[in-house]
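Undergrad: Below you'll find the structure I mean.
The values are calculated or read from the model by the stated rules, or taken from the named source; none is laboratory data. Bear in mind the structure is a predicted one, so any value in this text is a computation, not a measurement. Cβ placement follows ideal geometry from the backbone for every residue including glycine, while neighbour counts extend to all protein chains displayed. Surface accessibility is based on the protein's heavy atoms, side chains included, excluding ligands, DNA and RNA. Shrake-Rupley method; radii C 1.70, N 1.55, O 1.52, S 1.80 Å.
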Amino acid sequence: MDTSKYIITTRPGIKFKPVKTQCINILNIPLTSIQARNFDENISKELIQAKPGVIVLTSSFGAMQFFKNYYKFTANPDFVAIGEKTADIIRKYAGNVKVPTGKDSYGVLELLSGYENTDIALFRSNESNNIIRESLNRRGVKYHEYHVYDVIQLENTGLKDSFLSPDCNGILITSSMEARIFGETVGTYTGGKKIYSIGKITTSTLESLGYKVSLTGNSDFEAMLEKIDKENCSSGEWI
């Protein structure tokens, strides 16, 4: 491995864990920070009254906050998790969890089609995308959305200099919010560095900003890095 070369990841610091790789070095530059919200008594009262039949959790951090603060106010609901990491947390407390084949908002919506006659509760961040709520609104489905943590943009990250460095061979962007920040920070780019993405929505955001995405993965960050590592081992580009 050429130890001077690296690929950037944009994982929030609280969610980043080093991944063992063979052919790439990882430089994580968080573009956002995650802050949990305090327990909200109004949410607990609404859960007791509404008795949602299904809880939707779209991140592992959001799942941890839900079980810490609100699970005890529910009555044996089903769960829909956006990916396996989130599902693993749910399985520590409950067994009735479903994971969509397409691990994104569209996959979640497919599973929710079986719950349109019950109250749906979404536990998400303040920066969650509109895809799920807009679809449920169009179909007249009853739901409640609760923000249990905030995602906050970081300043002065050094992303542009690190990305444009000749030692950088590419970047893995893990959310549509990060994609927007990348566009604001880097601006127009038509060079040869590879841009990778987690999730179709992140890819769509990047493409709408004029970037070409080399590879799109699902919600599993570690699995995506393994794919990128394998790709570069095969190409010999980083050796």
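Undergrad: How many percent of all Cα-Cα pairs in region 183-238 sit more than 13 Å apart?
TA: The proportion of pairs with Cα distances above 13 Å equals 63 percent.
Undergrad: Working out 0.36 nm times the residue gap between ASN156 and ARG138, then minus their Cα-Cα distance, what length gain in nm do you get to one decimal?
TA: So the chain would gain 2.5 nm between ASN156 and ARG138.
Undergrad: Tell me the mean residue ellipticity at 222 nm calculated for the chain from its helices only (DSSP H runs of n ≥ 4, each -39500 (n - 2.57), averaged over every residue, nearest 500).
TA: -10000 deg cm²/dmol
Undergrad: Note down the nm distance, to one decimal, between modelled labels 7 Å out along Cα→Cβ at SER208 and at ALA36.
TA: Each label point is offset 7 Å from its Cα along the Cβ direction, giving 3.2 nm.
Undergrad: Arrange the residues GLU116, GLU110 by how much accessible surface each exposes, largest first, with a 1.4 angstrom probe.
TA: Listed by decreasing accessible area, they come as GLU110, GLU116.
Undergrad: If you work out semi-axes √(5λ) of the Cα gyration tensor in Å from the coordinates, which of [x] 27, 22, 17; [y] 42, 20, 16; [z] 35, 17, 17 do you get?
TA: [z]
Undergrad: Are there any trypsin sites (Lys or Arg not before Pro) in region 18-76 that are in a DSSP loop and have at most 11 other Cβ atoms within 10 Å? List them by number.
TA: Listed in order of number, the matching sites are LYS20.
Undergrad: Using the Kyte-Doolittle scale, which helices in the chain average at least -1.0 and also have C-alpha atoms spread 18 Å or more along the helix axis, with helices defined as whole DSSP H runs?
TA: Those that pass (Cα extent of 18 Å or more, hydropathy at least -1.0) are 221-235.
Undergrad: So which chymotrypsin sites (Phe, Trp or Tyr not before Pro) in region 56-128 are both in a DSSP loop and have at most 16 other Cβ atoms within 10 Å of their Cβ?
TA: TYR93
Undergrad: State the percentage of accessible surface on region 33-113 attributable to carbon and sulfur atoms; use a 1.4 Å probe and exclude ligands, DNA and RNA.
TA: 45
Undergrad: Strictly over 21 Å apart at the Cα level, which of LYS15/LYS142; LYS15/LYS85; LYS5/LYS193; LYS15/LYS68; LYS85/LYS142 would you flag in this model?
TA: LYS15/LYS142; LYS85/LYS142
Undergrad: May I pose another question? How big is region 1-141 on each of its three principal axes, counting only the C-alpha atoms and giving the largest first in Å?
TA: That gives 58, 30, 27 Å along the principal axes, largest extent first.
Undergrad: For all pairs of alpha-carbon atoms in region 123-239, what percent lies in each bin of width 5 Å, listed from the first bin to the last filled one?
TA: Taking all Cα pairs of region 123-239, the binned fractions are 2, 10, 18, 19, 19, 14, 8, 5, 3, 1, 0 percent.
Undergrad: Let me ask another. Under a 1.4 Å probe, what is the accessible area of the chain per residue, stated in Å²?
TA: Heavy-atom SASA per residue in the chain reads 49 Å².
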